[in-house]
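Structure, as structure tokens:
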Amino acid sequence: MERLSLLYASALFSLATEKGAVDEFLEQAKFLSDVLQGAECRRVLVHPHIPASEKHEFFRKAFEGRIRDDLLGFLFLTADKNREAFLLPALTALIEMIERHNNIITARVLSAVPYGDSEAEALRELLSRKLDKKVKLSVKVDPSLLGGPYIYADGYYIDWTIKKRLRDLTVHMKEGCSA
């Protein structure tokens, strides 16, 4: 599934760059991804007894005039080929390709407590300076960390969690006791 999703995403990315509409494709791909994740859309997309023609009509009513004809054509193509399951993975891959093209990364942050707006902005700015990229944050709360953040950004891992520090201290103490 991943291979075909990447092929669709690559074709859409090529089309976006060829037409000079990369930012427009990005916005509309995000919009489509959000809408298609809704329960009503998923019900229609995966229903085995709804013919492609009805799915076309569904797409027309939902998206015509709101997204580029290229993207609407992509929706029709997936319905015609009974590949609706590839829509969301392809859109996700397209969004990632365009963001990489625009030098934007998403830093995934795990924290024991929620970040306030000012804390999140300070972390985003720090990561942007250090990585020399535009950074978006995706923050999730995991109370088991006890405190401190765990950050994954652009291939780098930073683990400043208390949980890790306690683990490291335990290992250090065991090594010290056995010497």
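The values are calculated or read from the model by the stated rules, or taken from the named source; none is laboratory data. All figures in this text were calculated on a predicted structure; none of them were measured in a lab. Neighbour counts are summed over all protein chains in view; Cβ atoms, including those assigned to glycine, are modelled from backbone coordinates with ideal geometry.
Restricting attention to the range 98-112, the residues being hydroxyl-bearing (Ser, Thr, Tyr) and either within 30 Å of Leu12 (Cβ to Cβ) or assigned to a loop (DSSP other than H, G, I, E, B) (or both) number 1.
How about the range 38-56: which of its residues are in contact with a Lys or Arg (Cβ under 8 Å, 6 or more places away or on another chain) and either farther than 15 Å from Phe74 by Cα or loosely packed, with under 15 Cβ neighbours inside 10 Å (or both)?
Listed by number, the list holds a single entry, Val44.
For Phe76, the criteria (1) part of a helix (DSSP H, G or I); (2) in contact with a helix residue (DSSP H, G or I) (Cβ under 9 Å, 6 or more places away or on another chain); (3) not assigned by TED's automatic domain parsing to the domain that holds Leu36 hold in every case but one, which is (3). Does the range 14-21 contain any residue that is part of a helix (DSSP H, G or I) and either at pLDDT below 95 or over 28 Å from Leu131 (Cα atoms) (or both)? The answer is yes, given that some residue of the range 14-21 is part of a helix (DSSP H, G or I) and either at pLDDT below 95 or over 28 Å from Leu131 (Cα atoms) (or both).
Mind listing just one residue for me: the one in the range 82-105 that is of a type outside the set (D, E, K, R) and free of Cβ contacts under 8 Å to residues at least 40 places away in the same chain and, of those, nearest to Arg42 (Cα to Cα)? The selected residue is Asn82. The set of residues in the range 108-133 that are surrounded by 14 or more Cβ atoms within 10 Å (Cβ to Cβ) and more than 20 Å from Ile162 (Cβ to Cβ) comprises Arg124, Leu127, Ser128, Leu131, Lys133.
Would you point out the residue of the range 139-159, among those that are hydroxyl-bearing (Ser, Thr, Tyr) and exposed (fewer than 11 other Cβ atoms within 10 Å of the Cβ), that is farthest from Thr106 (Cα to Cα)?
Only one residue fits best here, namely Ser144.
Scanning the range 154-163 for residues that are of a type in the set (D, E, K, R) and touching a strand residue (DSSP E or B) at 6+ places or on another chain (Cβ under 8 Å) turns up Asp154, Asp159. Note on the range 63-107: residues that are surrounded by 14 or more Cβ atoms within 10 Å (Cβ to Cβ) and charged (D, E, K, R) total 6. Taking (1) surrounded by 14 or more Cβ atoms within 10 Å (Cβ to Cβ); (2) touching a residue at least 24 places away in the same chain (Cβ under 8 Å) in turn, Ile162 satisfies each apart from (1). Cβ-Cβ distances below 8 Å connect the following pairs, each with a first residue in the range 45-63 that is closer than 11 Å to Glu84 by Cα, a second residue that is modelled with pLDDT of 90 or more and part of a loop (DSSP other than H, G, I, E, B), and a separation of six or more residues or different chains: Ala52/Asn82.
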